[in-house]
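Okay, so here's the structure we're looking at.
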Amino acid sequence: MVISMRFVSLLCCGLVLINSDVLAQEQGAVTPMTPDVVEQYEQVLPSADYVRRELMIPMRDGVKLFTVVMMKKGVQNAPVLLSRTPYDASGQTGRVASQRIVDVLEVMDAEFVEDGYIRVYQDIRGMHKSEGEWVLNRPLSGPLNDTGIDESTDAFDTIDWLVKNTPESNGHVGVIGSSYLGFTALMTLIDPHPALKAVIAQSPMVDGWMGDDWFHNGAFRWTSLGFPLSQGFNKGDGGGEFALGGGDDYTRYLEAGSVADFVRMVGAAHVPGIRKFLENPAYTEFWSLQAVDKWLAVRPHQIPTMLVVGQWDQEDSYGAPAVYRALEPKDTNNDRVSLVIGPWRHSGFNHYGYDLGALTFTGDTAREWRVKYAKPFFDHWLKGGPDPQTPPVLTYATGVNQWNESPRWPMGTPQAIYLAADGKVVFEKPHSKGREDYVSDPAKPVPFIPRPIAMGDAMQWKPWLVHDQRFVTGRPDVAVWTSAPLDGALHIMGAPEVELFASTTGTDSDWVVKLIDVYPNDVPEDRSQGGLPSMAGYELPIGIEIFRGRYLRSFAAPSPLKPGKVERYTWKLPDVDHVFLPGHRIMVQVQSTLFPLYDRNPQTFVANIMDAKRTDYRAATQSVWFGGDQASAILLPVVR
């Protein structure tokens, strides 16, 4: 059927079909890609305050990507705010059935659409209603990707089409997104379209082996397995779940054995994304050539970029600071790259920021950031608004609950706190050597939160990094050191660095270090009326991170540890802005399992740790050394 009229009202469903040929003619000359676009659908609810369009935008290889464009009625000469997602563009633009755009869209979109922004969500290729094939964190075109197509080219083609075919647009585009959407946001910086004027990348997935979703310093995170299954099943439309039933995941994963044993048990060995984990446990070029910070480090940078992360981000704490380190040297005037660290969980800045677990803050910190910093940032670069003087670094000092603006990051100067005899943390290096021993038994791993554990329970998962650590302090396989009460406040701004001297009777080992703020045991505030736990004696984690011993000498080529040999391990905890208050104590915990967040180290060296056999899992005596030339310490980035 040939449509000769411009609009055909579909009154029964409130939609309008727009003839794309006529639309293209009215907008003048078209690019070679434009004739390939399919029909567009525009929602016209008479009483609604918004317009909604569904589009299929063609890429340079002919694949079309499903895109939703939303704006308040009457918007003209407006900037486009784009997010490219694997999580269903249709769903993210239809939270509830409502006549108000602020109800339909995500919470973080309200400030923008109310001020006349055009909000755009797009399914990345191969996901939901988009054509093509999905590849997990699709690598940049190059050694790992010979197609010439990647998230950078798709973003370029999308922006090009939007500015030429959205009559309400002012020709300026900003990109925003968190987690996987943070990854796709950063990809727009690889070969930026001229219309791209600003980017906010939130908790971006940057290096999945070093410290984002999949591994942390070589230790594999069990939570990684569910993602490629759920997203790769029926184009992310659901149904891709392990058939496990209820119960305690601690017991379930322990009984399964190795990661490969579990994968075989649930029949998921055929899933490509899962096979990538099983076949690439080390930091070979398979992972290093996917690291987004390395891509950006070798390219010029001119697009104003804001990098955002939560201080207690349980999924992607590594990416934003890593990209800041890659881009900041290129920011010669200190006005094109900024870093934000707030008191949030993963993606918490897009929701409500009043609290996290047992912690409460002075107001909605997430909305404060969106209104005072994110919105003025985009207004300036996309709408010609006043220069908001975006701070190079914006952090929230937990402990005293206040925002800090800084010229650089880190702001602190390294100051060592040392592990000493009798379980003490001291500020002076101990002269005499000593050691603390504990037995790490893979058959009885230390849980990362109190049991029973449900890895899919958001109430457990989102705040786990601020969980009171008293539930493990008394375990014999957790070594503990504690300082005397502090005489004055101690303010740290940066990433604390672990310097651990340790040995094992095994041939491989994991080392987990926790930096903890111990509250006085007589905190007087009564929080029971608000349903909040008492903070008396609370052991608040400030940073928790793991290191897998087999990668001591090379991340790419693992090697066994020599039993009994004292080795020096160094790695960093997540970036923080925190004040240890007077009367508080500093605690350091060291252990060798954090289960089932991380897979168990068999403590016997095997070629592929993912496929360790049950007989490989053996108890080992772990020794943490302190004092003299083997002085285990944490270097705190102290602001003096």
Using modelled amide H (1.01 Å from N, peptide plane; none on Pro or chain starts), what sits under 5 Å from the amide H of K424, excluding residues fewer than 5 places away?
-> T482
Set of lysines near K235 by C-alpha distance (under 16 Å), chain-local residues within fewer than 8 positions excluded = K64, K129
Which FRET efficiency value, to the nearest 0.05, is calculated for S534 and D422 with the Förster distance at 30 angstrom and r the Cβ-Cβ distance?
-> 0.60
Leaving out same-chain residues fewer than 8 places away, which lysines sit with a Cα under 24 Å from that of K429?
-> K514, K565, K572
Between beta-carbons, use under 11 Å as the cut-off and find the net charge around R585, counting Lys and Arg +1, Asp and Glu -1.
-> -1
Return the FRET efficiency for the residue pair A489, R95: r is the Cβ-Cβ distance, R0 is 35 Å, and the value is rounded to the nearest 0.05.
-> 0.25
Between the stretch 155-232 and the stretch 456-528, the Cα center-to-center distance that results, in Å = 32 Å
Label A110 and T284 with points 7 Å out from Cα along Cα→Cβ: what is the distance between them in nm?
-> 5.0 nm
At a Cα cut-off below 18 Å, give the lysines reachable from K383, other chains included and same-chain residues fewer than 8 away excluded.
-> K72, K164, K197, K372, K375
Placing each pseudo-label 7 Å from Cα in the direction of the beta carbon, N334 and R527 end up separated by a distance in nanometres of 3.6 nm
Euclidean distance of C-alpha centroids, the stretch 246-300 and the stretch 532-562, integer Å | 19 Å
Just how large is the dipole of the chain about the Cα centre, in debye to the nearest 20, putting +1 at every Lys and Arg Cβ and -1 at every Asp and Glu Cβ?
-> 780 debye
Pick the calculated semi-axes √(5λ) of the Cα gyration tensor in Å for this structure from [x] 46, 28, 22; [y] 51, 37, 26; [z] 61, 28, 21?
-> [x]
Computed over the chain: relative contact order in percent, which uses C-alpha pairs under 8 Å that are six or more apart | 13 percent
Can you give the direction-averaged projected area of the convex hull of the alpha-carbon atoms in the stretch 413-638, in nm²?
-> 13.4 nm²
Dipole magnitude of the stretch 64-221, debye to nearest 20 (Cβ charges: Lys/Arg +1, Asp/Glu -1, about Cα centre) = 380 debye
For the residue pair K73 and N145, what label-to-label distance in nm results when each label sits 7 Å from Cα along the Cα-to-beta-carbon direction?
-> 4.1 nm
Amide H within-cut-off set for S632, under 5 Å, with H built and near neighbours excluded = L419, F501, F626, G627
Heads up, the stretch 220-285 by the C-alpha gyration tensor (a ≥ b ≥ c square roots of eigenvalues; a/c under 1.5 rounded, else a/b over b/c prolate, else oblate) looks oblate
Net +/- balance of residues flanking A268 in space, Cβ distance below 11 Å, scoring K and R +1, D and E -1 | +1
How many percent of DSSP beta bridges within the chain run antiparallel, rounded to 5?
-> 75 percent
From the backbone phi of the stretch 435-449, what are the Karplus-calculated ³J(HN,Hα) couplings (6.51 cos²θ - 1.76 cosθ + 1.60, θ = phi - 60°) in whole Hz, Gly and Pro given as x?
-> 8, 10, 9, 8, 9, 9, 10, x, 7, 9, x, 6, x, 7, 9
Farthest positive-ward along the chain dipole, Cα basis, beta-carbon charges - from Q92, V69, V523 = V523
Step through the residues of the stretch 129-136 one at a time and calculate ³J(HN,Hα) from phi using the Karplus curve (6.51 cos²θ - 1.76 cosθ + 1.60, θ = phi - 60°), rounding each to whole Hz and writing x for Gly and Pro.
-> 8, 8, 7, x, 10, 8, 10, 4
Backbone HN-Hα couplings from phi across the stretch 70-75 [Karplus 6.51/-1.76/1.60, Hz, Gly and Pro as x] | 10, 7, 5, 4, x, 5
Could you list which residues have their amide H under 5 Å from that of A219, counting only those 5 or more apart in sequence or on another chain, with H placed in the peptide plane?
-> R548
Positive minus negative residues near R125 (Lys, Arg vs Asp, Glu; Cβ under 13 Å) = -2
About the Cα centre of the stretch 220-285, how large is the charge dipole given +1 on each Lys and Arg Cβ and -1 on each Asp and Glu Cβ? Please answer in debye to the nearest 20.
-> 160 debye
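Coordinate-derived values only; no laboratory data. Every value quoted in this text rests on a predicted model; they were computed, and no experiment measured them. Positions of Cβ are backbone-derived with ideal geometry, glycine not excepted, and every protein chain shown enters the neighbour counts.
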